[in-house]
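Reviewing the structure listed below.
The values are calculated or read from the model by the stated rules, or taken from the named source; none is laboratory data. Small disclaimer: the values here were computed from a predicted structure and weren't measured. When we count neighbours, we look across all protein chains shown, and the Cβ atoms used for this are built from the backbone with ideal geometry, even at glycine.
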Amino acid sequence: MKPIRNFDLATLRSFVQIADAGSMTRAASRLNMTQSAISMQIKRLETSLEQPLFDRSVQRLLPNAAGEQLLHFARQMLALNDEAWGRMTAPEYEGEIRLGVPSDIINPYIPQVLATFSRDFPKAQIKLTTDPTIYLKEQFATGQLDIILTTEREPDGGKIISRQALLWTGSETGCTWKKRPLPIAFTKDCIFRASAIEALEKANIDWFDVVVTDDDIAKNAMISAGMCVGAQLEQTQNSGVKHLPHHSLLPELPHFYIALYHQPLPNNDLALNLVSHIERVFA
């Protein structure tokens, strides 16, 4: 009977980093290792498996067929290891973090942030506030929120964690974008409204508002019903709403930035960890 062998998780972590970075040098830098140390790890791994794992005939290190197969398992093993380690060794942090996020960028990232943070810090509580960027920044300035995300054309502070195109949206089945004047829908104080109107007026397209609401659900209901068009960031997800194609003859909209602001956190490990969770997900 062939003896059972065990993979070394540190070596698998190095293997995954090399596959992602395409370079032992970059992978070593990410892992705070020397290139010779990470090279030795991969050499031992390939020797133990009795086959090469990378295609070394190209400039960038790419996994070969065997490497791709191992990569699939390695990612699963490391994810399970990290989750188990987090659950077994997480400090018993307790406390509340006040997080503010515009409602239109909740999906798809924030649920993942909340789930992983709750897993790693089960005794911590997050108090979530949803408001337009302008109000979140006011609350942040007065100390009512610890961490906020904003959508801005030109952030005046914070850390930019994503750059996304602003795109026109409409019903999945309708052609409302053909109407003139064009019916549009934005919530009150939506930061995208001014940019959309500016683009329409530059294109000499008449428009009119059909929604007066603070509620994104009501706005999206009108858009999905084919009553009007709106705009959202390229990675935002809303049921029944789709990005309009380029042939819709609507003017191009500008890019926006998602910025992360947080209060000074020199001794707040909980908040620092939440900041790290947010940055990793958006990265």
Checklist outcome for this item: Counting only residues in region 1-29 that are surrounded by 15 or more Cβ atoms within 10 Å (Cβ to Cβ) and of a type in the set (Lys, Arg), the one modelled with the lowest pLDDT is identified as 26
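So that you can scan it fast, the table gives a plain yes or no per residue for (1) surrounded by 12 or more Cβ atoms within 10 Å (Cβ to Cβ); (2) over 10 Å from residue 230 (Cα atoms); (3) outside the structural domain of residue 136 (by TED's automatic domain parsing):
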residue	(1), (2), (3)
177	yes, no, yes
180	no, yes, yes
189	yes, yes, yes
202	no, yes, yes
Checklist entry - Only one residue in 79, 84, 66, 74 is under 30 Å from residue 272 (Cβ atoms), surrounded by 13 or more Cβ atoms within 10 Å (Cβ to Cβ) and of a type in the set (A, V, I, L, M), so which one is that? => result 74
Checklist entry - Among the residues of region 231-283 satisfying the criterion of being part of a helix (DSSP H, G or I) and touching a helix residue (DSSP H, G or I) at 6+ places or on another chain (Cβ under 8 Å), which is modelled with the lowest pLDDT? => result 248
Checklist entry - So which residues in region 171-206 are under 16 Å from residue 132 (Cα atoms), assigned to a loop (DSSP other than H, G, I, E, B) and of a type outside the set (A, V, I, L, M)? => result 186, 187, 188, 189, 190, 192
Checklist outcome for this item: Only unsatisfied item for residue 81, checking (1) out of contact with any helix residue (DSSP H, G or I) (no Cβ under 9 Å at 6 or more places or on another chain); (2) closer than 16 Å to residue 6 by Cα; (3) among the polar types (S, T, N, Q), is (1)
Next on the checklist: Given the condition on the phi < 0 side of the Ramachandran plot, surrounded by fewer than 13 Cβ atoms within 10 Å (Cβ to Cβ), assigned by TED's automatic domain parsing to the domain that holds residue 117 and more than 21 Å from the chain's Cα centre (by Cα), answer yes or no: does some residue in region 240-262 qualify?
Outcome noted: no
Checklist entry - Within region 111-170, can you find the residues that are of a type in the set (S, T, N, Q) and part of a helix (DSSP H, G or I)? => result 112, 116, 118, 133, 139
Checklist entry - So which of 171, 162, 224 is under 17 Å from residue 106 (Cα atoms) and surrounded by 15 or more Cβ atoms within 10 Å (Cβ to Cβ)? => result 162
Checklist entry - Within region 239-249, is there a residue that is closer than 26 Å to residue 278 by Cα, free of Cβ contacts under 8 Å to residues at least 60 places away in the same chain and out of contact with any Lys or Arg (no Cβ under 6 Å at 6 or more places or on another chain)? => result yes
Checklist outcome for this item: Going through (1) crowded, with 20+ Cβ neighbours inside 10 Å; (2) touching a residue at least 60 places away in the same chain (Cβ under 8 Å); (3) not assigned by TED's automatic domain parsing to the domain that holds residue 103 one by one, residue 146 fails only at (3)
Checklist entry - Got at least one residue in region 73-92 being of a type in the set (Phe, Trp, Tyr) and closer than 30 Å to residue 123 by Cα? => result yes
